[in-house]
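Everything below concerns the one structure shown next.
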Amino acid sequence: MLKDARARIIHKESWKNYHLLGIETPRIAREAQPGQFLMVRVNSQLYPLLRRPFSIHAREEDAVEIFFVKTGIGTAILAEKKAEESLDIIGPLGKGFTVEESLKGKTACLIGGGRGIAPIYFLAQELRSRDIHPKIFYGGKTAADLPLLPKFEAAGFEILSSTDDGSFGFRGLVSELLKEELERSRPAHIYACGPEPMMKTITTLADARNVPAQFSLESIMGCGIGACWGCVKRIKRGDRAEWVKICEEGPVFYGPEIVWEGKEP
Amino acid sequence: MTNLSVNLGFLKLRNPVLAASGTFGYGLEFASFVDLDKLGGIIVKGLYFYPRPGNPPPRLAETHSGLINSIGLQGIGVHAFCEKILPQLEKTRTPIIVNVCGEADEEYAAVIDFLNKQERIAAFELNISCPNMKQNGVCPALNSQATFSIVRLAKRTSLRPLITKLSPNVTNIVEIAKAAEEAGSDAVSLVNTFLALAVDVETRRPRLGNVFGGLSGPAIKPLALRMVYQVAAAVKIPVIGIGGIMSGRDALEFLIVGAKAVEVGTANLVDPEATIRIIQEIEDYCREKKIMKVEDIVGTLKID
């Protein structure tokens, strides 16, 4: 956990509401693991007050990237940032994806729904460097919601895509696209990030085929470092379910640990 | 070189900045960012006797310059605190103050009784004011009699000094502060969060799982400051100011109106180094104004 109050934005790409920032921050970049996140302060004012959590999208030497959608005040301010401006960031935070040694030489399916594609790229980089074949499934509402497709392709990753409206690739949910894949072959592992209904469906698919699966969860966060207990999700611990801080014990959990749509303590 | 230390009578602090309960975890979470030895004190997250599940999410709703939380005092309980946390805090020289919670008067006493044995604990802060303790923000600090009875029992049980943390959700906070003083509290800290509500207009649902929560952050500072001023003028015991302190100048406002020390809360979430920065800014101010002792600022509000 490091704070870099003057992390320099070195590049920026935008596609309508989607934005990607490259941030030079050598020490944080060096420590970063796939699935970990940053807490970013979008300005030095008192509104918005809190930092915003973003998965680390990629790492390149001394820099990390974040990929986000403009959804509210925080991301709107961030979307206006330009190269050479600086950001106050904390990271790398949380526990990222576990990559088991036994995956070597095998195929893992990586599923990103919407902005949930963010951590998938970093993970794909990592898997490839460890001689694991990442097969990526990228889903969005429309073709315009798949802005990172060219990036994955340019990097030489095998990637299948889906759109809800059929404007590009498979017509339907990305979980349905994955289901078709699972009927053909059985991956050694599944990693997913996206809307909770998508991840819930994938948990069921993975369980039915006995494929271990990890999911990156999302929550409103206060501190990002385990102090405020604001970001909890329902997680099984032994024979009980508890409210677990996803900033500290997550954001990545194994499927069987997660109680989807958990409401009651 | 300014003397930043403040003497609460029962406890001497190396500077007037304490980390507020609930925003600083058990202290250890901040060790990567802050030299814990440099703080005036650390008030750890509220402890009930047993582990506490906390409230359903969403637990946080950001508002204009503020934050509404309904964490619901999720926590590990006294046993795990003593076994897992306290040994790790042995290394720091900073006073550790435990924020004490309870479902009823007896639980507060049980927590204190259990923790009395722990040499490392410098004082207790009695949390009778968290709006997330029961439904609709009900808590003992809303009522003078309830405050008096719980403080008296806690004081009789405790082998350590007692700070009573007050709620701003009352008509007359001075009355409650006086009840705490009369019951033997060694100090009062104020304010806890303001009972609050935020609504999502798209879904027409409350933005918090528990409907109501407690508002903190810069939005509450003027309200808190007014209450600290009123209480400091009315009680003889030390007053610790809390409410939206983000900077050294914010902290100084509280000292000027009569607080002997301050607690920094929400700022820790925004900037994990906030406490250290605030201490530095207080020191810079004193140097600039040629103030030799920070205590000389306390209660110096000029009103013609």
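The values are calculated or read from the model by the stated rules, or taken from the named source; none is laboratory data. All of these numbers come straight from a predicted model, not from anything done at the bench. Counting neighbours? That spans all protein chains shown, and the Cβs are built from the backbone with ideal geometry, glycine included.
For region A:29-51, the set of residues classified as under 18 Å from the mean Cα position of the chain (by Cα) and within 12 Å of chain B (Cβ to nearest Cβ) consists of A:Glu31, A:Met39, A:Val40, A:Arg51, listed by residue number. One residue stands out in region A:1-28 among those that are over 29 Å from A:Gly113 (Cβ atoms) and not acidic (Asp, Glu): the one that is farthest from the other protein chains (Cβ to nearest Cβ), namely A:Arg8.
Could you tell me which residue of region B:47-83 is farthest from the other protein chains (Cβ to nearest Cβ), considering only residues that are outside any loop (DSSP other than H, G, I, E, B) and at pLDDT below 95? Break it down into steps so the answer makes sense when it comes.
First pass over region B:47-83, keeping only residues outside any loop (DSSP other than H, G, I, E, B): B:47, B:52, B:60-63, B:66-69, B:75, B:77-83.
Okay, now just the ones that are also at pLDDT below 95, so B:52, B:75.
Details: B:Arg52: 10, B:Gly75: 8 Å.
Applying the filter and picking the extreme gives B:Arg52.
On inspection, B:Arg120 qualifies as among the basic types (Lys, Arg) and either touching an Asp or Glu at 6+ places or on another chain (Cβ under 7 Å) or modelled with pLDDT under 95 (or both). Considering only residues in region B:30-46 that are surrounded by 21 or more Cβ atoms within 10 Å (Cβ to Cβ) and out of contact with any helix residue (DSSP H, G or I) (no Cβ under 8 Å at 6 or more places or on another chain), the one that is farthest from the other protein chains (Cβ to nearest Cβ) turns out to be B:Gly41.
Restricting attention to region A:220-244, the residues that are more than 9 Å from chain B (Cβ to nearest Cβ) and surrounded by 20 or more Cβ atoms within 10 Å (Cβ to Cβ) total 2.
Could you check region A:59-73 and list, in sequence order, the residues that are aliphatic (A, V, I, L, M), surrounded by fewer than 24 Cβ atoms within 10 Å (Cβ to Cβ) and more than 14 Å from every other protein chain (Cβ to nearest Cβ)? Spell out the reasoning first.
Our first condition is that a residue be aliphatic (A, V, I, L, M); within region A:59-73, this holds for A:63-64, A:66, A:69, A:73.
Now restrict to residues that are surrounded by fewer than 24 Cβ atoms within 10 Å (Cβ to Cβ): A:63, A:69, A:73.
A:Ala63, A:Val69 - these are the residues of region A:59-73 that are aliphatic (A, V, I, L, M), surrounded by fewer than 24 Cβ atoms within 10 Å (Cβ to Cβ) and more than 14 Å from every other protein chain (Cβ to nearest Cβ).
Within the set B:Asp296, B:Asp284, B:Asp250, the sole residue that is in a helix (DSSP H, G or I), of a type in the set (Asp, Glu) and without any contact (Cβ under 8 Å) to a residue 12 or more places away in the chain turns out to be B:Asp296.
Check A:Val252 against each of (1) hydrophobic (A, V, I, L, M, F, W, C); (2) in a loop (DSSP other than H, G, I, E, B); (3) more than 15 Å from B:Ile76 (Cβ to Cβ) and name the one condition it does not meet. Here A:Val252 clears every test but (2).
If only one of B:Pro272, B:Pro168 is touching a residue at least 24 places away in the same chain (Cβ under 8 Å), more than 24 Å from B:Leu126 (Cα to Cα) and part of a loop (DSSP other than H, G, I, E, B), which one is it? First the steps, then the outcome.
On the way: B:Pro168 fails: more than 24 Å from B:Leu126 (Cα to Cα).
Just a single option satisfies the conditions, and that option is B:Pro272.
Can you find a residue in region B:101-120 that is basic (Lys, Arg), under 20 Å from the mean Cα position of the chain (by Cα) and within 12 Å of chain A (Cβ to nearest Cβ)? Let's see the steps before the verdict.
Applying the first criterion (basic (Lys, Arg)) to region B:101-120 yields B:117, B:120.
The next check asks that each one be under 20 Å from the mean Cα position of the chain (by Cα); those that pass are B:120.
Next, only the ones that are within 12 Å of chain A (Cβ to nearest Cβ) stay: none.
No, because not a single residue in region B:101-120 is basic (Lys, Arg), under 20 Å from the mean Cα position of the chain (by Cα) and within 12 Å of chain A (Cβ to nearest Cβ).
Just to be sure, is B:Ala109 surrounded by fewer than 24 Cβ atoms within 10 Å (Cβ to Cβ), on the phi < 0 side of the Ramachandran plot, in contact (Cβ under 8 Å) with a residue 24 or more places away in the chain and part of a helix (DSSP H, G or I)? The answer is yes for B:Ala109. Among the residues of region A:99-130, those that are in contact with a helix residue (DSSP H, G or I) (Cβ under 9 Å, 6 or more places away or on another chain) and assigned to a loop (DSSP other than H, G, I, E, B) comprise A:Val99, A:Arg130.
Every residue, every condition in (1) under 15 Å from A:Leu38 (Cα atoms); (2) surrounded by 18 or more Cβ atoms within 10 Å (Cβ to Cβ), yes or no:
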residue	(1), (2)
A:Thr75	yes, yes
A:Ala83	no, no
A:Asp88	yes, yes
A:Gly91	yes, yes
A:Thr98	no, no
A:Lys106	no, no
A:Leu110	no, yes
A:Gly114	no, yes
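From the list A:Thr142, A:Thr98, A:Thr107, the one residue that fits, being more than 26 Å from A:Pro212 (Cβ to Cβ) and either assigned by TED's automatic domain parsing to the domain that holds A:Ala29 or among the β-branched types (Val, Ile, Thr) (or both), is A:Thr142.
For (1) of a type outside the set (Val, Ile, Thr); (2) part of a loop (DSSP other than H, G, I, E, B); (3) within 14 Å of another protein chain (Cβ to nearest Cβ); (4) surrounded by 20 or more Cβ atoms within 10 Å (Cβ to Cβ), each residue gets a yes or a no:
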{"position": "B:Ala180", "(1), (2), (3), (4)": "yes, no, no, yes"}
{"position": "B:Ser185", "(1), (2), (3), (4)": "yes, yes, no, yes"}
{"position": "B:Thr203", "(1), (2), (3), (4)": "no, yes, no, no"}
{"position": "B:Gly213", "(1), (2), (3), (4)": "yes, no, yes, yes"}
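One residue alone among A:Lys82, A:Lys3 is charged (D, E, K, R), over 17 Å from A:Pro251 (Cα atoms) and in a loop (DSSP other than H, G, I, E, B), and that residue is A:Lys82. Here B:Glu295 fulfils each of the conditions (1) more than 28 Å from A:Arg41 (Cβ to Cβ); (2) surrounded by 24 or more Cβ atoms within 10 Å (Cβ to Cβ) apart from (2). May I ask you to verify whether B:Arg160 is of a type in the set (Lys, Arg) and touching a Leu at 6+ places or on another chain (Cβ under 9 Å)? Judged against the criteria, B:Arg160 is a match.
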